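Undergrad: Quick one: the structure is below, questions incoming.
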Amino acid sequence: MFLQWLGRGTKNSEARMNLSLQQYFEEHRRNNRKLLSLFLTAGFPTADATLPLLQLLDKAGADLIELGMPFSDPLADGPTIQRTSQIALRNGVTVKSVLEMAASRPGGMRAPIILMGYYNPILKFGMEKFVQAATNAGVQGLIIPDLPPEESTALRERALAAGLSLIYLVSPNTSLQRLELIDRMTTSFVYAVSITGVTGARTHVAAQAKDFLERLRQQIRHPILVGFGVASASEAQALASACDGVIVGSALLHEIEKHWLDETGRAKVAAFVQTFSQSLRA
């Protein structure tokens with residue numbers, strides 16, 4: 001199966017490539033619509049849960065879905081994502097199988113797929129082969145937390161040539177010089193890390209993050225999505241007033257971990273996502 005779609009696009013990729021990630025963001029910005037991006041560890045809680053979860057998140061209101069490629073040493077991630085990555089690895093998930101999941105996602109999905117993962121597995125897989133496979137799977141962008149912009153030229157050139165956006169992270173500690181570099185290199189959006197440290201749901205993120213986002217707005221001309229620690233719909237709503245959208249990861253994974261295998265688990269996860277989606281539309 002993998003070799004069949006490695007060399008040619010899928011129906012999903014052909015449909016999605018009609019609208020690039022850059023165009024997608026421009027359209028939402030024109031309409032002043034805040035975006036909800038959701039992070040999902042591929043292969044969690046079970047190897048066969050990813051495809052139905054992708055469909056559920058899309059229908060529940062996701063505007064973007066970040067599909068995480070599990071890695072044994074995720075330095076930027078907190079306990080929840082580390083735990084889900086370990087579970088996914090035990091479930092046999094690899095870079096290859098994540099690409100297959102992206103290619104096999106249900107038809108009719110509205111939310112673009114972005115792959116998020118660490119650089120070493122991509123190098124091991126083969127950079128050119130990875131970019132080609134991601135493009136043919138209909139992926140729209142890549143987030144590589146441990147790849148500094150100054151060292152990203154090789155991957156960025158290949159990604160841009162294939163129509164993929166390479167998305168960079170900025171934090172309250174990012175220098176003005178680096179912010180300017182990242183803004184020049186960005187083609188879609190900038191991922192703003194709300195607070196320093198690793199990922200994970202926290203309480204009272206909004207107050208300290210809003211000051212950072214307002215400063216960032218003065219330096220970055222591209223859309224800004226904020227993540228790391230967004231735990232509630234009320235926080236998402238507060239943060240969205242200072243940026244273009246929010247990213248929810250650990251809090252969503254916690255809900256999936258609690259409820260997915262229950263009889264009514266899917267409805268509970270969908271309801272959780274809808275609270276965020278509705279708060280951003282209010």
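Undergrad: Any idea which residue in the range 237-278 is surrounded by the fewest Cβ atoms within 10 Å (Cβ to Cβ), counting only those that are out of contact with any strand residue (DSSP E or B) (no Cβ under 9 Å at 6 or more places or on another chain) and closer than 21 Å to VAL193 by Cα?
TA: SER241
Undergrad: Further, regarding this structure: Taking the range 164-177 as the region of interest, how many residues are touching a helix residue (DSSP H, G or I) at 6+ places or on another chain (Cβ under 7 Å) and at pLDDT 95 or above?
TA: Count: 5.
Undergrad: Does the range 139-171 hold any residues that are over 20 Å from TYR24 (Cβ atoms) and surrounded by fewer than 17 Cβ atoms within 10 Å (Cβ to Cβ), and which are they?
TA: The answer is ASP146, PRO148, GLU150, GLU151, THR153, ALA154, GLU157, SER171.
Undergrad: So is LEU67 assigned to a strand (DSSP E or B), closer than 23 Å to GLY163 by Cβ and either under 17 Å from the mean Cα position of the chain (by Cα) or at pLDDT 95 or above (or both) or not?
TA: yes
Undergrad: So how many residues does the range 108-166 have that are of a type outside the set (A, V, I, L, M, F, W, C), assigned to a helix (DSSP H, G or I) and touching a Phe, Trp or Tyr at 6+ places or on another chain (Cβ under 7 Å)?
TA: Selection size over the range 108-166: 3.
Undergrad: If you scan the range 37-64, which residues turn out to be among the polar types (S, T, N, Q) and either more than 12 Å from the chain's Cα centre (by Cα) or in a loop (DSSP other than H, G, I, E, B) (or both)?
TA: If the condition is that a residue be among the polar types (S, T, N, Q) and either more than 12 Å from the chain's Cα centre (by Cα) or in a loop (DSSP other than H, G, I, E, B) (or both), then THR46, THR50, GLN55 are the ones that fit.
Undergrad: Residue check: is PRO74 crowded, with 19+ Cβ neighbours inside 10 Å, part of a loop (DSSP other than H, G, I, E, B) and at negative phi?
TA: Yes.
The values are calculated or read from the model by the stated rules, or taken from the named source; none is laboratory data. A quick note: this is a predicted structure, and the numbers were derived from the prediction, not measured. When we count neighbours, we look across all protein chains shown, and the Cβ atoms used for this are built from the backbone with ideal geometry, even at glycine.
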